[in-house]
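K.L.:
Quick one: structure below, then a few questions.
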Amino acid sequence: MTPANLGVKAYWDSKPCGSLEPVARKAEFFQTHAELRYLREPEIVPFAGFEKSRGQQVLEIGVGMGADFVRFAKAQAKICGIDLSPRSLGLALRNARINHISPTLLNADGELLPFADESFDLVYSWGVLHHTSNIERALLEIHRVLRPQGECRLMLYHRLSLVGLQCYIRYGLGKLRPFTPLSMLIAAHIESPGTKAYTVREVKSLLGKFCKVEVRPIVTGYDVRFGRRRFAPRWMLRLIPDRLGWFLLVHAKK
């Protein structure tokens, strides 16, 4: 693990993604967590393409509690997963076993992938790589482990979004720091230390080694909500231009 990612590891060890939701107290912990995940982020299923991954060598970077990992495994992908957080990894391992899956899960850093060159057909990562300290290095590692014509699918945060605007209003204007760069406000106040958010142009530049790159912003429930767990209805979200969305969906071909 790179020393710069120790703070990121500590953050996600303290609160694995989704573990603080009320469903965490229910007996059907992993099932209810997955249902809530796909209810709030329905974009995951078509983007990940679980059912199209049968027989593919797939690497998931940042498995969290393993919801997507389990979906890939049930679709009969040859799935391997890594996570920086040992606690998250332990939860993902329990999830896999409950679902009768023999998992390949490793505690590893996305900037230092422990795999040979050209090992995977698909590298998938949802909402993870904007937390790593050196995304340029992580993307070079992804390119290295992908086979020729292999595909990379990432979700990254979008700086020029409604969430970015809300962050600026609350922590920039609201704290009398109107000239603080938005990137610094996001790094200090959104999730783990150093969280990044990008423009479409920046993502395309970061993926310059790939031969084909598509980046699409989308509006999600996180862009308009009325409280920690009170989200705007989907019809309201459809009134907002996608260019203002907090999620960037990235497809890249090697």
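The values are calculated or read from the model by the stated rules, or taken from the named source; none is laboratory data. Here the structure is a predicted model, which means the values were calculated and not measured. Note: ideal-geometry Cβ built from the backbone for every residue, glycine included; neighbour counts use all protein chains shown.
K.L.:
Tally the residues that are farther than 18 Å from Val128 by Cα and either without any contact (Cβ under 8 Å) to a residue 12 or more places away in the chain or in a loop (DSSP other than H, G, I, E, B) (or both), restricting the search to segment 191-214.
P.N.:
Going through segment 191-214 one residue at a time, the tally reaches 6.
K.L.:
If we keep just the residues of segment 191-218 that are in contact with a Phe, Trp or Tyr (Cβ under 8 Å, 6 or more places away or on another chain) and at pLDDT 95 or above, which is farthest from Arg40 (Cα to Cα)?
P.N.:
First pass over segment 191-218, keeping only residues in contact with a Phe, Trp or Tyr (Cβ under 8 Å, 6 or more places away or on another chain): 191-193, 195-198, 206, 217-218.
In the following step, the residues that additionally are at pLDDT 95 or above were identified as 195-198, 206, 217-218.
On the way: Thr195: 21, Lys196: 22, Ala197: 20, Tyr198: 22, Leu206: 28, Pro217: 17, Ile218: 13 Å.
The residue in question is Leu206.
K.L.:
Next question. For a quick check of your reading: which strands (runs of 3 or more DSSP E) sit entirely within segment 61-162 and have at least 2 residues that are surrounded by fewer than 16 Cβ atoms within 10 Å (Cβ to Cβ), in contact (Cβ under 8 Å) with a residue 12 or more places away in the chain and of a type outside the set (S, T, N, Q)? Steps first, answer last, please.
P.N.:
On the way: elements: 78-83, 105-107, 120-126, 146-157.
Output list reads 146-157.
K.L.:
Within the set of pairs 6+ apart or on separate chains, which have a first residue in segment 225-254 that is farther than 20 Å from Tyr38 by Cα and at pLDDT 95 or above, a second that is in a strand (DSSP E or B) and of a type in the set (Gly, Ala, Ser), and C-beta atoms under 7 Å apart?
P.N.:
Pairs found: Lys254/Gly150.
K.L.:
Within segment 204-215, which residues are within 18 Å of Arg137 (Cβ to Cβ) and buried (at least 20 other Cβ atoms within 10 Å of the Cβ)?
P.N.:
Within segment 204-215, Leu206, Leu207, Phe210 qualify.
K.L.:
Shifting gears a bit: Against the conditions (1) more than 28 Å from Leu59 (Cβ to Cβ); (2) surrounded by fewer than 15 Cβ atoms within 10 Å (Cβ to Cβ), where does Thr180 fall short? Just the number, please.
P.N.:
Of (1) more than 28 Å from Leu59 (Cβ to Cβ); (2) surrounded by fewer than 15 Cβ atoms within 10 Å (Cβ to Cβ), only one is false for Thr180: (2).
K.L.:
Any residue in segment 159-168 that is of a type in the set (Gly, Ala, Ser) and more than 18 Å from Ala252 (Cα to Cα)?
P.N.:
Step one: of segment 159-168, the residues of a type in the set (Gly, Ala, Ser) are 161, 164.
If we keep only those that are more than 18 Å from Ala252 (Cα to Cα) too, we end up with 161, 164.
Yes, segment 159-168 contains a residue that is of a type in the set (Gly, Ala, Ser) and more than 18 Å from Ala252 (Cα to Cα).
K.L.:
Right, next: Report the residue count in segment 35-60 for those that are closer than 21 Å to Ile218 by Cα and either part of a strand (DSSP E or B) or out of contact with any strand residue (DSSP E or B) (no Cβ under 9 Å at 6 or more places or on another chain) (or both).
P.N.:
9
K.L.:
For Val163, state whether it is at pLDDT 95 or above, more than 24 Å from Met65 (Cα to Cα) and among the hydrophobic types (A, V, I, L, M, F, W, C). Lay out the reasoning, then the answer.
P.N.:
Working: at pLDDT 95 or above: yes; more than 24 Å from Met65 (Cα to Cα): yes; among the hydrophobic types (A, V, I, L, M, F, W, C): yes.
Judged against the criteria, Val163 is a match.
K.L.:
Please work out if Phe47 is closer than 23 Å to Leu156 by Cβ and touching a helix residue (DSSP H, G or I) at 6+ places or on another chain (Cβ under 7 Å). If you could, list the steps in order and put the result at the bottom.
P.N.:
Working: closer than 23 Å to Leu156 by Cβ: yes; touching a helix residue (DSSP H, G or I) at 6+ places or on another chain (Cβ under 7 Å): no.
Criteria not met by Phe47.
K.L.:
Considering only segment 215-244, how many residues are more than 15 Å from the chain's Cα centre (by Cα) and assigned to a loop (DSSP other than H, G, I, E, B)?
P.N.:
12
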